[in-house]
Amino acid sequence: MLTAVLLDLDNTLVLFDETAFYLRYMERIVPFFEDLLPGEAFRDRLLRGIRALRKNDGQVSNQEFFMNVFCDGVADQRHAIWERFLRFYETEYDRIPVNVQIPAGLEGVIDRLQQRQLKLVVATNPLFPRIAQEKRLAWAGLCADRFVLLTHLANMGYAKPHPEYYRQICAMIGVPPEQCLMVGNDAINDMIAGSAGLKTFQTTEAGVIDYRAVTKGRDVREGLVHAADFSGPLAQVPAVVARLMA
């Protein structure tokens, strides 16, 4: 019996060049912190903090874990730094140029899943505050209130591709992993949900985008790519759901 569907965001619900976007993101955010931290020092701390989230073991939230790493040696500035992050996302994030495409049939997919009384989760990598996740969700023309959960920096204690990220979601929504379907484009970050007991559907629309380039340096040795139970364009998800619910 299928009870919940988890949906990745970047290059699943909304298609865009992640590498180009995050280069522009760095161009905007580095000078925004110039009076608190010199450019290269800020860039280094940001990247170390984000990469370190893969090691979080759920003892603390990703937000606390990230800030512990980012503020190492500058703990006296911790409050000011976090407030600056929030102000950046409130005022500057929308000004970053981005060209997005919407997967064919997106609105209909969400409608059909909701009609089946399924719990829907936006299972986007929780590396950023809620406000940033909501703004990217808005690129797809979607609001967070259509979902029972949107994962973000403050409400998760794991990050992709940790299998416990998916188990934590299942616990939060009260649904066993075997009653969940994870939908996403990434053979590593998303399809690893299968090792946590979820069914998996790998979307194909982002195939023309080198979405792994944004994670340059990530260990992608053979064996870390996980086979999907199903694959195809996002528009095929309702048909797969119907099969799983039959």
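Criterion applied to Ile102, Ile96 was being touching a strand residue (DSSP E or B) at 6+ places or on another chain (Cβ under 8 Å), over 25 Å from Tyr166 (Cβ atoms) and of a type in the set (A, V, I, L, M), and the one residue passing it is Ile102. Determine whether Val14 is buried (at least 16 other Cβ atoms within 10 Å of the Cβ), among the β-branched types (Val, Ile, Thr) and without any contact (Cβ under 8 Å) to a residue 24 or more places away in the chain. Against the criterion (buried (at least 16 other Cβ atoms within 10 Å of the Cβ), among the β-branched types (Val, Ile, Thr) and without any contact (Cβ under 8 Å) to a residue 24 or more places away in the chain), Val14 does not qualify.
Residues that are of a type in the set (D, E, K, R) and either more than 25 Å from Ala239 (Cα to Cα) or in a helix (DSSP H, G or I) (or both) were ranked within segment 98-135; the one that is most open to solvent (accessible area, probe 1.4 Å) is Arg112. Would you check which residues across segment 31-47 are closer than 17 Å to Phe66 by Cα and surrounded by 15 or more Cβ atoms within 10 Å (Cβ to Cβ) and list them? Within segment 31-47, Phe33, Leu37, Phe42, Arg43, Arg45, Leu46 meet the criteria.
In this structure, is Val208 among the aliphatic types (A, V, I, L, M), modelled with pLDDT under 95 and closer than 29 Å to Ile96 by Cβ?
Yes; evaluated as a whole, the condition is true for this residue.
For the structure I just gave you, tell me whether Arg78 is basic (Lys, Arg), modelled with pLDDT of 95 or more and surrounded by 17 or more Cβ atoms within 10 Å (Cβ to Cβ). Considered against the rule, which asks whether it is basic (Lys, Arg), modelled with pLDDT of 95 or more and surrounded by 17 or more Cβ atoms within 10 Å (Cβ to Cβ), Arg78 comes out as no. Considering only residues that are assigned to a helix (DSSP H, G or I), aromatic (Phe, Trp, Tyr) and at pLDDT 95 or above, which ones fall in segment 22-64? Listed by number, the residues that qualify are Tyr25, Phe32, Phe42.
Just one of the listed residues (Ala138, Ala171) is within 23 Å of Arg54 (Cα to Cα), assigned to a helix (DSSP H, G or I) and open to solvent by 50 Å² or more (accessible area, probe 1.4 Å), and it is Ala171. Among the residues making up segment 83-97, a single one is of a type in the set (Val, Ile, Thr) and in a helix (DSSP H, G or I): Thr91.
The values are calculated or read from the model by the stated rules, or taken from the named source; none is laboratory data. Keep in mind the model is a prediction, meaning the values are calculated, not measured. Note that we place each Cβ from the backbone using ideal geometry, even for glycine, and neighbour counts take in every protein chain shown. When the accessible area is computed, the model is the full protein with side chains, heavy atoms only, and any ligands, DNA or RNA have been set aside. Shrake-Rupley method; radii C 1.70, N 1.55, O 1.52, S 1.80 Å.
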